[in-house]
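Asks: Can you read through this structure? Questions will come right after.
The values are calculated or read from the model by the stated rules, or taken from the named source; none is laboratory data. Computed from a predicted model, the values in this text were never measured in an experiment. In this analysis, Cβ positions are derived from the backbone assuming ideal geometry, glycine residues included, and neighbour counts consider all displayed protein chains. Just so you know, the surface numbers come from the protein's heavy atoms only, side chains and all, with ligands and any DNA or RNA stripped out. Shrake-Rupley method; radii C 1.70, N 1.55, O 1.52, S 1.80 Å.
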Amino acid sequence: MIAYVLRRVLATIPVMLVVAVFVFLMLRLSPADPAAIIAGDSATTEQVAEIRSRLGLDQPILSQFVIWFGKLARGDLGESFFFKKSIVELIGERIEPTLSLAFVTIVLAVAIAIPLGVLAAYRQGSWVDRIVMGFSVLGFSVPVFVIGYLLIYLFAIKLGWLPVQGYQRIAQGVGGWLERLILPALTLSVIYVALVARMTRTSLLEVLSEDYIRTARAKGQIELKVLFRHALKNAAVPIVTVVGLGVALLIGGVVVTESVYTIPGLGRLTVDAVLARDYPVIQAVILLFSFVYVLINLLIDLSYTLFDPRIRY
Amino acid sequence: MSAQAPSSFVASAAAGRGALRLATRNSGVVIGGLIVLAMIAIAILAPFLGTVDPTEINPALRNKLPGAERTIRLDDGTTRSSTFIMGSDSLGRDVYSRVLYGARISLVIGASVALLSVAGGLAIGMIAGYFRWADAVVMRIMDGLMAIPAILLAIALVSLSRAGLLAVIVAITIPEIPRVVRLVRSIVLSVREEPYVEAAVTAGTSVPLLLWRHVLPNTIAPLIVQGTFICASAILVEAILSFLGIGIPTSTPTWGNIMAEGRQFFRIFPHNIFFPGVFLALTVLAINMLGDGLRDALDPKMAKRV
């Protein structure tokens with residue numbers, strides 16, 4: 001077990017290293033000169049040269065990498081051009097809204113998706129199943145921002161039940177915080193629900209044909225317990241896996257959702273950084289999001305023994 | 001050998017017809033395919049469908065609601081009345097014309113990203129699957145690329161060059177490649193174990209011929225399915241990039257750009273977001289249905305798994 005955990009943790013190191021090298025090379029191998037793009041069209045050659053030296057682009061590529069990676073290892077992500085402050089500080093300011101949004105979304109999505117998936121599998125081929133599967137295909141096809149504006153139009157503008165946009169820090173009251181997060185989280189959860197419900201249905205269908213399900217029914221176990229205690233528990237591993245892989249979709253969705261609802265989080269920061277060509281910030285955000293994604297999937301891999309004690313490493 | 005070639009060609013043509021017959025029996029393929037064909041027709045015929053110049057700015061006709069009338073002065077001095085079927089945007093451009101022309105960009109991007117990522121993934125995947133020395137290195141790089149959430153990677157890549165069609169296509173293609181590589185590699189690995197491939201190796205078939213004749217045909221069906229899904233996702237990602245203001249230059253009519261423009265006055269004029277949104281969702285939905293149907297028809301094993 002410990003050997004497996006160690007092996008699995010070590011396996012993430014080359015992955016993160018490739019991400020770091022890629023993020024580093026991105027700027028250096030770009031077809032256009034990033035310094036010239038930052039400087040803008042009206043910049044003089046001197047200004048471009050100055051930006052190039054501030055980015056460290058005038059040094060040999062290997063020494064650039066060593067310097068950059070050394071700083072990274074010490075937790076120094078550099079300084080933002082646009083916001084004129086350290087990126088670590090910047091991320092610290094922006095992380096709360098994003099974490100809140102992600103948390104509420106995952107809770108909401110799992111709470112909706114798993115019962116839907118179970119129901120669809122239980123009534124396979126019925127109209128419930130068709131609706132769930134239809135919704136799932138639809139969820140993959142409608143872009144996040146269209147869903148967002150649809151919900152804003154319906155619940156905030158027409159019905160006036162919820163605030164249109166904005167974010168309130170959790171320290172200023174949980175009520176206002178949650179109220180402003182419901183629509184964005186609902187928006188973001190659509191694609192996630194589609195993904196998880198579909199996987200729950202598939203995984204459960206496989207389990208429901210097992211002998212022990214028949215046995216459970218034969219001994220007179222009530223259907224609800226058959227479904228949730230016997231079937232869902234055994235179907236859990238693929239579902240949990242897809243919840244982890246879906247985090248990638250979630251991260252992409254966060255960028256868009258925060259723009260739609262003007263939430264000052266990391267997603268909004270990413271877009272602002274791209275618009276301002278603030279490359280150090282773009283690099284930092286990619287590293288951070290990828291790290292979180294890899295970490296979550298590592299934890300999920302390690303959690304399999306909890307869901308299925310038969311899995312031994 | 002020469003006697004064999006025609007017979008295998010006939011066999012594969014028959015298999016192709018069989019697959020086609022199987023596919024057209026699937027309702028998803030038929031409905032999705034018809035909608036996609038309709039969108040392609042709209043994109044090609046956009047100039048003849050009662051549209052005006054989609055980039056023409058007219059300050060006097062800003063923010064008209066759908067159904068509003070306007071008069072157009074023709075070159076010979078006469079006037080003609082026409083309707084803003086989908087209203088106009090905040091610069092007075094006709095949204096109907098912009099949505100119809102927008103289909104062109106979306107479809108071109110969907111098709112080119114699908115083709116490029118399948119071609120790139122096929123080449124890299126075959127190399128990784130067949131040559132052991134390349135496998136470890138290539139797959140580590142692919143694992144690393146897949147650790148970066150796709151949309152984020154695309155956003156970062158477009159920021160590196162000045163926005164344009166080619167830059168957007170490349171930026172959307174790169175995150176898609178690793179998934180194709182994985183698929184192709186796994187097919188190559190399983191095909192390698194087949195007795196007929198071992199026999200071909202023993203008979204001294206050269207590696208390129210082996211890959212071409214025995215490995216490639218096995219990848220076609222899964223890649224058609226994968227390519228269809230990539231096409232759908234590429235259209236979505238392009239719309240997201242344009243919507244965020246970092247994709248195709250804003251003057252070009254794309255569905256994402258029309259919606260980005262509509263954000264400002266969304267509360268009063270939601271049609272600027274909803275009309276292109278419906279077209280976008282319908283197109284992506286149709287392509288996804290096509291993909292699901294093709295998967296069921298072409299690849300029964302894969303259909304059972306997902």
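Asks: What 222 nm value per residue comes from the helices of chain A, counting each DSSP H run with n ≥ 4 as -39,500 (n - 2.57) and dividing by all residues, nearest 500 deg cm²/dmol?
Replies: -24000 deg cm²/dmol
Asks: Pop out the ³J(HN,Hα) list for segment B:254-261 in order, Karplus 6.51 cos²θ - 1.76 cosθ + 1.60 with θ = phi - 60°, rounded to Hz; leave Gly and Pro as x.
Replies: Couplings: 10, 4, x, 5, 4, 5, 4, 5 Hz.
Asks: Let me ask something else. Give, rounded to the nearest 20 debye, the magnitude of the charge dipole that segment A:97-260 has about its Cα centre when Lys and Arg contribute +1 at Cβ and Asp and Glu contribute -1 at Cβ.
Replies: 340 debye
Asks: Take A:Val66 and B:Leu115, extend 7 Å from each Cα along the Cα→Cβ direction, and tell me the distance between the two endpoints in nm.
Replies: Result: 4.6 nm between the two label points.
Asks: Give me the number: length gained by fully extending A:Asp211 to A:Gln124, i.e. 0.36 nm times residue separation minus the C-alpha to C-alpha distance, one decimal in nm.
Replies: Length gained between A:Asp211 and A:Gln124: 29.5 nm.
Asks: Of B:Val180, B:His214, A:Gly252, whose Cα points farthest to the positive end of the dipole of the protein assembly as shown (charges on the beta-carbon: +1 Lys, Arg; -1 Asp, Glu; origin at the Cα centre)?
Replies: Working it through, the farthest residue towards the positive pole turns out to be B:His214.
Asks: Treating only the Cβ atoms of Lys and Arg (+1) and Asp and Glu (-1) as charged, compute the dipole magnitude of the protein assembly as shown about its Cα centre; round to the nearest 20 debye.
Replies: Magnitude of the dipole: close to 1480 debye.
Asks: Going by a ≥ b ≥ c, the root eigenvalues of the Cα gyration tensor, does segment A:97-260 fall in the rounded group (a/c under 1.5), the prolate group (a/b larger than b/c) or the oblate group?
Replies: prolate
Asks: How much accessible area per residue does segment A:97-260 have, in Å², with a 1.4 Å probe?
Replies: Here the per-residue accessible area is 43 Å².
Asks: What is the count of Lys pairs in chain A whose alpha carbons sit under 27 Å apart, if the two are 8 or more places apart or on different chains?
Replies: So the count of such lysine pairs works out to 4.
Asks: Let me ask you something else. A:Leu29 to A:Lys219: FRET efficiency via 1/(1 + (r/R0)^6), r the Cβ-Cβ distance, R0 60 Å, to the nearest 0.05?
Replies: For R0 = 60 Å, the calculated efficiency reads 0.40.
Asks: Okay, next question. Nearest 100 Å² is fine: what is the total accessible surface buried where chains B and A meet, probe 1.4 Å?
Replies: Approximately 3900 Å², summed over both chains.
Asks: Filter the GluC sites (Glu not before Pro) in segment B:189-291 down to the DSSP loop ones having no more than 14 other Cβ atoms within 10 Å, then list what survives.
Replies: Counting only loop positions with at most 14 other Cβ atoms within 10 Å, the GluC sites (Glu not before Pro) in segment B:189-291 are B:Glu193.
Asks: Same structure again: For peptide A:249-256, compute the average count of partner chain beta-carbon atoms within 10 Å of each residue's beta-carbon.
Replies: Partner-chain Cβ atoms within 10 Å, mean over residues of A:249-256: 5.
Asks: At a 1.4 Å probe radius, which order do B:Ser251, B:Ser242, A:Ser42, B:Ser112 fall into by accessible area, largest first?
Replies: Heavy-atom accessible area, descending, gives A:Ser42, B:Ser251, B:Ser112, B:Ser242.
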